[in-house]
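Peer 1: This is the structure, below, for whatever I ask next.
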Amino acid sequence: MTMPPSTMSRRRFCAVSVATALSSQHLALAATKQSPFAMVAAADHDRVLRLADHWLPEAPQTITSFHSSRSPAGPHDFFSEADYFWPNPANPAGPYKEIDGKSNPDNFQDHRRAMIRLSQAMPALTAGYVLTKRKDYAHAAAAHLLAWFVTPATRMKPNLEYSQGVRNGGPTGRSYGIIDTLHLVEVARAAGFLRKFFSPAEWADLRGWFRDYLLWMKTSEKGMRERDATNNHGICWALQAAEFARLDGDEDTRAEIRERFETVQLPMQMAPNGSFPRELARTKPYGYSIFNFDAAAALCWSLGQQEMVRFSLPDGRGMCKAAEFLEPYLADKEKWPYPHDVQHWESWPVRSPGLLFCGVACGREEYLELWRKLDPDPTDPEIIRNYPIRQPVLWV
């Protein structure tokens, strides 16, 4: 809801005024094209039903089904080991050494895989319900939520104290590990479509889990450090917090996240040309640029849909500028002028939710055409790990 000028900052008023002045192009697009929901539903109808049918007979599987002897915690505590850490040749008995961009396949990842499975199954079933109103899809989706967040025997504790630890005497958990629950973003989004399929007590417990986890994210040492990260980790913290707060109806937290994005994250992370320099400096600059673009676009869409995606700083930096920078390289990655990624270069790009959100909000039909063409279902586990929005019909 737009505030009157007397209650909003001059900067914010100017930004909204600019967005309004530019809206004729976007209104013209909306008047001549399908609504975003109709467009996505048409593009994804068969895909959604295929995936919903695939997951319909599959039983929920939570972290309590998997155990690592290296975990310092109990069966209900999420545990993972940091991707980019390897044995240190200079100190074989000591803590592992980081090699940026190169994932160690020997680290324990079963809890993360279980969460990724949840993020594939539950939103797919929910999307199937949204398109068909079939209650069997909805009940199956609800069963996953109950198993993960409500049922005492199988639920996960609402914290990530033991995520992305480092082996051989390193830290048992790190702030960076909070990015592991990025795969709960679309789960939380999907849950909002299923409220009538829970008892009042179940719904209260489900919302309570996300409320408790969000409180841990906002007040724990690890959570606050991750919030303040100056790269994709900070953006992903904000996306998670925005959607978890949305499920719980916590508009105060969402307002805080929006203000932080506009005044801290966007000015700090985006260059004038729309690139993200901290991602370009990584050993996987292409993949990380796409990843941060998608997460930032999703964050803006979560917080204010088209109006927030169109928000820009006085110098033009915003998601429309980010899409303008990246889209040519999504269309043809051979034009990428920066180093190639040290791993998984061949698996990018996939269907970018950022292209969808920016195509709609920024009035760029060519972005939507490219979005339709790109692969919506990557099979490379590394890409899946960095691809948290799989059912865009739940977002538009």
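The values are calculated or read from the model by the stated rules, or taken from the named source; none is laboratory data. All figures in this text were calculated on a predicted structure; none of them were measured in a lab. Quick reminder, even Gly has a Cβ in these numbers, built from the backbone with ideal geometry, and neighbours come from all protein chains shown. Please note that ligands, DNA and RNA were not included when accessible areas were found on the heavy atoms of the full protein model with its side chains. Shrake-Rupley method; radii C 1.70, N 1.55, O 1.52, S 1.80 Å.
Peer 1: Taking amide H positions as placed 1.01 Å from N in the peptide plane, with prolines and chain starts having none, which residues 5 or more places from S163, or on another chain, fall under 5 Å of its amide H?
Peer 2: S80, R174
Peer 1: Might you tell me the accessible area per residue for the range 35-394, computed with a 1.4 Å probe and given in Å²?
Peer 2: Here the residues of the range 35-394 average 38 Å² of exposed surface.
Peer 1: Further question on the same structure: For the range 38-133, what relative contact order do you get, as a whole percent, if you take Cα pairs closer than 8 Å and at least 6 residues apart?
Peer 2: Relative contact order, the range 38-133: 37 percent.
Peer 1: So what is the relative contact order for the chain, in percent, with contacts set as C-alpha pairs under 8 Å and at least six apart?
Peer 2: 16
Peer 1: As a test of the formula, what do you get for the chain when each DSSP H run with n ≥ 4 contributes -39,500 (n - 2.57) and the sum is divided by the residue count, at 222 nm and rounded to the nearest 500 deg cm²/dmol?
Peer 2: So the helix-based figure for the chain works out to -16500 deg cm²/dmol.
Peer 1: Rg/Rh for the chain: what does it come to with C-alpha atoms and Rh from Kirkwood?
Peer 2: 0.95
Peer 1: Sticking with this structure for a sec: May I have the extent of the alpha carbons of the range 63-184 along their three principal axes, as whole Å values ordered from largest to smallest?
Peer 2: Sorted largest first, the three principal extents are 59, 30, 21 Å.
Peer 1: Sticking with this one: Could you run the Debye sum over the Cα atoms of the range 175-216, one equal point scatterer each and no solvent, and tell me log10 of I(q)/I(0) at q = 0.27 Å⁻¹, two decimals?
Peer 2: Each listed q maps to, in turn, -1.02.
Peer 1: How big is the Rg/Rh ratio for the range 268-396, C-alpha atoms only, Rh by Kirkwood, two decimals?
Peer 2: 0.93
Peer 1: Compute the Kirkwood hydrodynamic radius of the range 286-356, taking the inverse of the mean of 1/r over all pairs of distinct Cα atoms, and give it in Å to one decimal.
Peer 2: By the Kirkwood definition, the hydrodynamic radius is 12.8 Å.
Peer 1: Would you look at the GNM of the chain, springs on alpha carbons closer than 10 Å, and say which of T172, T263, T230 moves the most?
Peer 2: T263
Peer 1: Among P381, L206, L160, whose Cα projects farthest towards the positive end of the dipole of the chain, with charges put on the beta-carbon of Lys, Arg (+1) and Asp, Glu (-1)?
Peer 2: L206
Peer 1: Highest first, please rank the peptides 293-306, 110-123, 202-215, 268-281 by the mean number of other Cβ atoms sitting within 10 Å of their residues.
Peer 2: Going from most to least packed, we get 293-306, 110-123, 202-215, 268-281.
Peer 1: Moving on to the next point. With labels modelled as points extended 7 Å from the Cα through the Cβ direction, what inter-label distance (nm, one decimal) is found for A59 paired with A255?
Peer 2: For A59 paired with A255, the spin-label model returns 4.7 nm.
Peer 1: Under 1.5 on a/c is rounded, so check that first for the range 139-269, then, if it is not, pick prolate when a/b is larger than b/c and oblate when it is not; a ≥ b ≥ c are the square roots of the alpha carbon gyration tensor eigenvalues.
Peer 2: oblate
Peer 1: Out of the total accessible area of the range 248-396 (probe 1.4 Å, heavy atoms of protein only), what percent is carbon and sulfur?
Peer 2: With neighbouring chains kept in place, the figure for the range 248-396 is 51 percent.
Peer 1: Continuing with the same structure: If you stretched the chain out fully between V342 and H76, how much longer would it get, using 0.36 nm times the residue separation minus the C-alpha to C-alpha distance?
Peer 2: 92.3 nm
Peer 1: Pick out the long, greasy-scoring helices in the chain: whole DSSP H runs spanning 30 Å or more along their own axis by Cα, mean Kyte-Doolittle at least 1.6.
Peer 2: none
Peer 1: For the range 188-332, report the translational diffusion coefficient in µm²/s to the nearest whole number, using Stokes-Einstein at 10 °C, 1.306 mPa s, and a Kirkwood Rh over Cα pairs.
Peer 2: The calculation lands on 99 µm²/s.
Peer 1: Test of understanding: what is the full-extension gain from E221 to Q34, defined as 0.36 nm times their sequence separation minus their Cα-Cα distance?
Peer 2: 62.7 nm
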